[in-house]
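To start, the structure under review is shown below, and the notes come after it.
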Amino acid sequence: THVPYRGAQAAYQDLLGGRVDFFFDLSPTARPQIEAGNARALVVSGLTRQPTLPDVPTITETGVAKLDLESWFGLFAPAKTPPRVLERLRADLETVIASREVSDI
């Protein structure tokens with residue numbers, strides 16, 4: 001049964017509360033739950049294993065499905081955002097992505 005959620009936090013509440021058996025999530029929000037021992041990663045959806053979860057097989061490896069599903073993220077701003085603000089956002093994003101806290105994820 002498909003249960004739509006408005007974000008991972010509500011889904012984790014139901015998973016940890018035993019109201020759902022499993023769900024798909026993005027690795028950045030799943031990893032803290034996995035590392036805390038609250039959730040167990042069963043498979044990853046890409047063609048190769050994730051370096052941060054080397055012991056978790058791909059869904060293709062398990063024989064369940066032949067799947068190559070990777071996520072992408074975009075940085076968005078309102079359409080009428082001034083160019084100088086967009087440039088500042090781009091520069092700040094570059095700084096954040098280059099930071100050790102993010103690059104180690």
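The values are calculated or read from the model by the stated rules, or taken from the named source; none is laboratory data. This structure is a prediction, so every number in the text was calculated from the model and none was measured. Counting neighbours? That spans all protein chains shown, and the Cβs are built from the backbone with ideal geometry, glycine included. When the accessible area is computed, the model is the full protein with side chains, heavy atoms only, and any ligands, DNA or RNA have been set aside. Shrake-Rupley method; radii C 1.70, N 1.55, O 1.52, S 1.80 Å.
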Just the residues that are at pLDDT below 85 and among the charged types (D, E, K, R), please, taken from region 69-87. GLU70
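Scan region 18-51 residue by residue and report those that are farther than 24 Å from PRO4 by Cα and either surrounded by 16 or more Cβ atoms within 10 Å (Cβ to Cβ) or over 13 Å from the mean Cα position of the chain (by Cα) (or both).
GLU35, ALA36, GLY37, LEU47, THR48, ARG49, PRO51
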Does region 52-73 contain at least one residue that is of a type in the set (Asp, Glu), surrounded by 11 or more Cβ atoms within 10 Å (Cβ to Cβ) and over 25 Å from GLY7 (Cα atoms)? yes
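Going through ALA65, ALA79 one at a time, which residue ends up being within 30 Å of LEU89 (Cβ to Cβ) and either touching a residue at least 40 places away in the same chain (Cβ under 8 Å) or of a type in the set (A, V, I, L, M) (or both)?
Working: ALA65 fails: within 30 Å of LEU89 (Cβ to Cβ).
Only one candidate passes the filter, namely ALA79.
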When both residues are 6+ apart or on different chains and their Cβ atoms are under 8 Å apart, which pairs have a first residue that lies in region 21-40 and is β-branched (Val, Ile, Thr), and a second that is open to solvent by less than 80 Å² (accessible area, probe 1.4 Å)? THR29/ALA8; ILE34/ALA41; ILE34/LEU53
Here, helices (runs of 4 or more DSSP H) confined to region 1-90 with at least 1 residues that are under 26 Å from GLU101 (Cα atoms) are 8-16, 27-35
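THR52 - would you say it is among the hydroxyl-bearing types (Ser, Thr, Tyr) and in contact (Cβ under 8 Å) with a residue 12 or more places away in the chain?
Details: among the hydroxyl-bearing types (Ser, Thr, Tyr): yes; in contact (Cβ under 8 Å) with a residue 12 or more places away in the chain: yes.
Yes, satisfied.
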